[in-house]
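**Q** Can you read through this structure? Questions will come right after.
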Amino acid sequence: MLAAAATAAALVAWLIALRADLVLSHYDARAHLVVARRIFDSLTPGWQQIGAVWLPLPHLLQAIPIQVDAWYRNGASASVVSILCFGITTYALARLVIVVTGSRTGAAVTAALLALNPNLLYVHTTPMTEPLALAAIALVTLWLYEWVPRNQDRVPLRLGLALFAAAWTRYEAWPVIAMAIAAALYGSARIGASRTAVLRRAWALGCWPAAAVVLFLALGRVTTGAWFTTSFYIPDAYYHGQLSRALLAVWWGTHQLSTRATEVIGVAAAALLGVRATATREHAPLLVLLAPFGAAVLPAYAFYEGHPFRIRYMAILVAACALSDGIAVGFMRRHAAMVTAGFLVGITLIQSPPWRRDAPLVVEAQLDRPLRAARRQVTACLTAQYRGEQILASMASLAHYMQELSHAGLGIADFVHEGNGPLWQAAVDAGPRPPIGWVLVEEQAEGGDVLARRLRQDPEFARDMVRVCEGGGVALYRVTPRTSSRR
């Protein structure tokens, strides 16, 4: 019932977001559609198009449905997955509260804090990868917590698949999985498993996410020549090398995406769970419930390394707090539980209601909107003169714009990009030449893309290119016929 209500809430949120043109507002939402689409729609189609920066599961799930032009343009098929994931996450976390505390009131609090959160509702209307990661992490936590007390070596297939799926969806899941497995092994040892049994279980659990990581690294090695590929960005000096600021950014982001009350009670409850789990043997499995807080590790590390701040990286922590809030209510006596439940739900409705239009994640998702509007001038210039020539553009920087151009009738097979391997490299090394007739260059974001840097470093690269127009940080160049005579 709670899962169905959450799914219905996400569906309503999707209809509202669709009407407000917010479903694909975030540039990464559009870029994820492009990565899924290019597996078949490409000058060089094939499994190599899966890519090596983002983890592959979300794109593989959409590889076939996204070939439908309408779904590619509006993201509907990917939004359906996100909406269903919201129901799965709500089911798993509410079920956890009932299994741990036996309290339906606590389960209802967790479900309400998820379904009333405007930030979580919004992200579950989009083709972003957070919804799938949240669902996989929630299932891993639930099934792992249920598995430990059984004191058996065999790992259920569904748990193994959930571990694999989480490890193949978002990097934040990696430290969560590590913490969850470590907690499960600790719980197994505390309830009487032998050292040999613990080692067997470590392998039985660890082989699933390990296989996912190894396969992903191998994919990166084959497609890019590097075992691990990172996105290019200009380090943010405010966070780079500043551990305290990086940690504060994680706290601030979590706080902004929820409320102070839900955050404080959630973290306090998590701390008490940790104490209880380590105090007695029978409560040792409770340590597994803290694993979702491991999602804080990756954004903290990323910010420390200078990655620009992104508030959506803390979405998993908001769900972790909702779980802890429900457990806290579940352990209370009836009167106190009802009062606390009413307080948590009430303060959420007052401070961060689901209809809130200025929710931080919604605001962050619209940062590209002014640039998107300005890029329409570039689109008009291109479509007015386009006669089927190939277009050279960096997918790493302009995937979102490639998706926008689908509304003008352009497919991914009309572009030469990094996923085309030798075709792309030849154009970058020697300069564009027929059948390439156009070049799109991102000149502003992250200091400019690889083509912008190439133009700055070697003016000869643009010898046969004529600048036609620009807008929203993107410049359009026409490749002149003189290209064919280049030596």
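All of the numbers you see were taken from the coordinates with simple rules; none came from a lab. Keep in mind the model is a prediction, meaning the values are calculated, not measured. No Cβ is skipped: glycine too gets one built from the backbone with ideal geometry, and neighbour counts run over all protein chains shown.
**Q** If you rank Leu349, Leu344 by fewest surrounding Cβ atoms within 10 Å, what's the result?
**A** Leu349, Leu344
**Q** A follow-up question, please. Between Arg333 and Val363, what length in nm is gained on full extension when 0.36 nm per residue of separation is reduced by their alpha carbon distance?
**A** 6.9 nm
**Q** Moving on. Mind sorting Trp252, Trp47 by how few other Cβ atoms lie within 10 Å of their own Cβ, fewest first?
**A** Trp47, Trp252
**Q** I've got another one for you. Out of all DSSP beta bridges in the stretch 369-485, what portion is antiparallel? Express it as a percent rounded to 5.
**A** 70
**Q** How do Met179, Met1, Met314, Met465 line up, fewest other C-beta atoms within 10 Å first?
**A** Met1, Met179, Met465, Met314
**Q** Can I ask one more? I'd like the projected area of the stretch 369-485, averaged over all directions, using the convex hull of its alpha carbons. Report it in nm² with one decimal. Provide the component values of the computation, followed by the final result.
**A** Values: hull surface 26.3 nm².
Seen from a random direction, the Cα hull of the stretch 369-485 projects 6.6 nm² on average.
**Q** Moving on. According to a simple spin-label model (label point 7 Å from Cα along Cα-to-Cβ), what is the distance in nm between Glu305 and Met1?
**A** The two pseudo-label positions are separated by 4.6 nm.
**Q** Now for a separate question. State the volume of the convex hull built on the alpha-carbon positions of the chain, expressed per residue in Å³ and rounded to an integer.
**A** Dividing the Cα hull volume of the chain by its residues yields 140 Å³.
**Q** Name the helices (complete DSSP H segments) of the chain with a Cα length along the long axis of 27 Å or more and a Kyte-Doolittle mean of at least -1.0, or state none.
**A** Helix filter hits for the chain: 76-101, 195-224, 260-279.
**Q** Can you list, bin by bin at 5 Å, the percent of alpha carbon pairs in the stretch 57-142, starting at 0?
**A** With 5 Å bins starting at 0, P(r) equals 3, 16, 22, 21, 15, 10, 7, 4, 2, 0.
**Q** A follow-up question, please. In whole Å, what is the distance between the alpha-carbon centres of the stretch 403-438 and the stretch 236-279?
**A** Computed from Cα coordinates, the inter-centre distance equals 44 Å.
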